[in-house]
Ligand SMILES: NC(=O)c1ccc[n+]([C@@H]2O[C@H](COP(=O)([O-])OP(=O)(O)OC[C@H]3O[C@@H](n4cnc5c(N)ncnc54)[C@H](OP(=O)(O)O)[C@@H]3O)[C@@H](O)[C@H]2O)c1
């Protein structure tokens, strides 16, 4: 018996989102999968073994986000778990980065997640049950050179999700934020990050991150940081004086 009837997963075409979609399907949860790459979503649908609706949407485009939000509000075949996973980021000095790409990062990581969460909050509150899983990042706790926009979007996701967890509890809707660290997906290549010098023990695979996130959702937890090193990192970042945090930079932009 699946915990959820139907989950809508954004960014299901790759990485952590694809792993979450596969694990939900393995548990018997029907899916609505959202991303830009139709071929990958169709391939997922073909092998999932559950009912899968494919929604091709670019979540940096307001009309596409509105279309996905409308699907979440639909009473027919209701979505009872929303996974806001789609996300991206670029590295470099803010002044050197292309502004349209930076705007797109805010649009996908913040605005789309915000609008889809609202649609889910309304629909799930009316139903008296549901879950929202937001994928943030350790980077949300780490103000760092070369990662200004991405880190700030993930700080938004952390704060917003923690508040929503309290806000929606009485309505029977659980909200969980996952804060992964370095995870082997397409993220680093898309971000144009050279990650070759990041030590192996800091990496996790997408399946592990997905499993931790879904276990936390099942337990109704507000937050999950997968992996002991990431947990330690977040704990230190939360208590360390900012003047020390500013000195810890992984990126050499000079
Ligand atoms: N990998 C890491 O080290 C790491 C660490 C911490 C947090 N995270 C977070 O984990 C989440 C998943 O990332 P990942 O690591 O799995 O990276 P990934 O393999 O690059 O996957 C990103 C997903 O987001 C989708 N996406 C990107 N832009 C989109 C847009 N404009 N509209 C719709 N979908 C879009 C992509 O689908 P299409 O290209 O098909 O549209 C893809 O499915 C992100 O929120 C990321 O910030 C990643």
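Laboratory data are not the source of any read-out in this text; all were calculated from the coordinates shown. Being a predicted model, the structure only gives us computed values, none of them experimental. With ideal geometry, Cβ positions are generated from the backbone for all residues, glycine too; neighbour counts draw on all protein chains shown.
Miscellaneous remarks
- Here the Gaussian network model covers the chain, with springs between Cα atoms less than 10 Å apart; of 89, 11, 220, 220 fluctuates the most.
- Using C-alpha pairs below 8 Å separated by at least 6 residues, the relative contact order for the chain is 18 percent.
- 222 nm mean residue ellipticity, helices alone, for the chain (DSSP H n ≥ 4; -39,500 (n - 2.57); rounded to 500): -13500 deg cm²/dmol
- Gaussian network model of the chain, springs between alpha carbon atoms under 10 Å - residue of 157, 83, 54 with greatest fluctuation: 54
- This ranking places 232, 168, 111, 81 by how few other beta-carbon atoms lie within 10 Å of each, fewest first, which gives 232, 111, 168, 81.
- C-alpha long axis of helix 62-73 to longest principal axis of the chain, angle in °: 50
- Taking the C-alpha atoms only, the angle from helix 206-218 to the longest principal axis of the chain is near 60 degrees.
- Top of 100, 115, 162 by mean-square fluctuation, Gaussian network on the chain, Cα under 10 Å: 100
- Degrees separating the helix 113-127 axis from the principal Cα axis of the chain, which is the longest one: 30
- Footprinting exposure proxy for 72, 198, 193 (fewest neighbouring C-beta atoms within 10 Å first): 198, 193, 72
- Listed by Cβ neighbour count within 10 Å, with the fewest neighbours leading, 234, 217, 106 appear as 106, 234, 217.
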